[in-house]
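Working notes for the structure below.
The values are calculated or read from the model by the stated rules, or taken from the named source; none is laboratory data. For clarity, every value in this text was computed on a predicted model and none was experimentally measured. Methodologically, a virtual Cβ is constructed for each residue, glycine included, from the backbone with ideal geometry; neighbour enumeration extends over all protein chains shown. Areas reflect the complete protein model, heavy atoms only, side chains present, ligands, DNA and RNA absent. Shrake-Rupley method; radii C 1.70, N 1.55, O 1.52, S 1.80 Å.
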Amino acid sequence: MAILVCGGAGYIGSHAVHQLVSRGEEVVIIDNLQHGHRAALNPHAKFYEGDIRDYNILEKIFTENKIEAVIHFAAYIEAGESVQKPLKYFNNNVYGIQVLLEEMYKHGINKIVFSSTAAVYGEPKKIPIEETDDKTPINPYGETKLIMEKIMRWVSKANGINFVSLRYFNAAGAIEDGSIGEDHHPETHLIPLILQVPLGKRDHITIFGNDYDTPDGTCIRDYIHVIDLADAHILALEYLRKGGSSDAFNLGSGKGFSVKEMIEAAKKVTGKNIKVEIGERRPGDPAQLIASSEKAHKILGWNPKFTDVEVVIKTAWNWHKKHPNGYDD
Ligand code: UFG
């Protein structure tokens, strides 16, 4: 039986496929390659180019393959963009999971591991954030993921499709051999943008606001290595295979770093100066997001291996140095 990975050519999806394949799992990928990369596809996985909103291609995949479970990464992910273009996000993310679940139900597939996000919490009332805390997203992106979780909860009750929702904090880094990594067009994420300065591709990094209510005024995030995230999907799959009930888990390191601290860490890792400018706040950005991942630790047995933020940045630097233009190289 195979695992269907939706969005397996994307950043987190390609790392998850790598970890699945290296454990001997049979993997089928669907990706529309809008943001995913053909070069990120794992040669040991079977690939279908298409969109999860297309019933016909899902019908074809579920008929041609024996799919045991689905891991769903295929979604739009940029909080800032979602504020400008909410309908784009509701269509792809919410309608996308609707079609996927309908097809799963039709074909009797009853397990799904799903990419959720820290953005479901909005501006947290306390740190670290626990799964039961208030969920009031402050951008449409987070809202779509919260709605997707709610859809899955109802479908789990009515149709017996069990889910694990993994609420990622800030995914970072790359596989250590530098063969796959982060490559978004346009790039909006902090670590790749910082590293473009020492790569000579950008003159400076702009800090989006230095008047937040944090010790140095810049936003604090919890950066978690993409391989640790990928491994959590495998543990979630095993949990569902053992009959675990539908649930949601935070995935973070439990440590917060400000934008300024990340720039300092990147200076150390690269050995180069990084020019900084202060800009306006970016709409939809909470001041501080730090996870409690105790629940994933206790129930899934998840223990992140990349606990040093400099090591996380080092793996990203390794990928970006080898691929300064991403997968276009
Ligand atoms: N930032 C800058 N300058 C930049 C880019 C980012 O100061 O040029 C700041 C942002 O304002 C934010 C922090 O760096 O405070 C991190 O920004 P990212 O864009 O790297 O990541 P986000 O925290 O906005 O979002 C990421 C994922 C989301 C996920 C979220 C959960 O993109 O999918 O983490 O925490 F929901």
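Could you identify the single residue in T218, T206 that is within 9 Å of the ligand (Cβ to nearest atom) and open to solvent by 30 Å² or more (accessible area, probe 1.4 Å)? First the steps, then the outcome.
Working: T218 fails: open to solvent by 30 Å² or more (accessible area, probe 1.4 Å).
Of the residues listed, the single one that is within 9 Å of the ligand (Cβ to nearest atom) and open to solvent by 30 Å² or more (accessible area, probe 1.4 Å) is T206.
Of all residues in the range 311-329, which are surrounded by 14 or more Cβ atoms within 10 Å (Cβ to Cβ) and assigned to a helix (DSSP H, G or I)?
Across the range 311-329, the qualifying residues are V311, V312, I313, K314, T315, A316, W317, N318, W319, H320, G326, Y327.
State the number of residues belonging to the range 107-143 that are part of a helix (DSSP H, G or I) and either closer than 30 Å to K60 by Cβ or open to solvent by less than 60 Å² (accessible area, probe 1.4 Å) (or both). Reasoning before the result, please.
Within the range 107-143, the subset part of a helix (DSSP H, G or I) is 118-120, 140-143.
If we keep only those that are either closer than 30 Å to K60 by Cβ or open to solvent by less than 60 Å² (accessible area, probe 1.4 Å) (or both) as well, we get 118-120, 140-142.
Total satisfying the criteria: 6.
For residues that are within 20 Å of the chain's Cα centre (by Cα) and surrounded by fewer than 15 Cβ atoms within 10 Å (Cβ to Cβ), scanning just the range 23-67, find the one that is farthest from E187 (Cα to Cα).
By that ranking, first place goes to R38.
Among the numbered criteria (1) open to solvent by 20 Å² or more (accessible area, probe 1.4 Å); (2) under 18 Å from W154 (Cα atoms), which single criterion is violated by V70?
(1)
Hey, among I234, I220, I227, which residue is of a type in the set (A, V, I, L, M) and over 20 Å from I71 (Cβ atoms)?
Details: I234 fails: over 20 Å from I71 (Cβ atoms); I227 fails: over 20 Å from I71 (Cβ atoms).
Only one candidate qualifies: I220.
What pairs come out if I take residues in the range 251-270 that are part of a helix (DSSP H, G or I) and pair them with residues that are more than 14 Å from the ligand (Cβ to nearest atom) whose C-beta lies under 7 Å away, six or more apart or interchain?
Qualifying pairs under 7 Å: A265/E310; K267/N273; K268/E310; V269/E310; V269/K314; V269/W317; T270/P198; T270/W317.
When only residues in the range 293-310 that are in contact with a helix residue (DSSP H, G or I) (Cβ under 8 Å, 6 or more places away or on another chain) and under 12 Å from D247 (Cβ atoms) count, which is surrounded by the fewest Cβ atoms within 10 Å (Cβ to Cβ)? Step through it out loud before you land on a result.
Filtering the range 293-310 down to residues in contact with a helix residue (DSSP H, G or I) (Cβ under 8 Å, 6 or more places away or on another chain) leaves 296, 299-306, 309-310.
Among the residues that remain, those that are also under 12 Å from D247 (Cβ atoms) are: 296, 299-300.
Details: A296: 27, I299: 15, L300: 23.
Looking at residues that are in contact with a helix residue (DSSP H, G or I) (Cβ under 8 Å, 6 or more places away or on another chain) and under 12 Å from D247 (Cβ atoms), I get I299.
I need the full set of residues from the range 242-273 which are hydroxyl-bearing (S, T, Y) and within 11 Å of the ligand (Cβ to nearest atom), in order please.
S258
Pairs under 6 Å by beta carbon, first residue at positive phi and of a type in the set (G, A, S) in the range 178-202, partner open to solvent by 50 Å² or more (accessible area, probe 1.4 Å) and more than 11 Å from the ligand (Cβ to nearest atom), six or more apart or different chains?
G178/K322
Only one residue in D222, D211, D247 is at pLDDT 95 or above, among the charged types (D, E, K, R) and more than 19 Å from the chain's Cα centre (by Cα), so which one is that? Full working, then the answer.
Working: D222 fails: more than 19 Å from the chain's Cα centre (by Cα); D247 fails: more than 19 Å from the chain's Cα centre (by Cα).
Going through D222, D211, D247 in turn, the sole match is D211.
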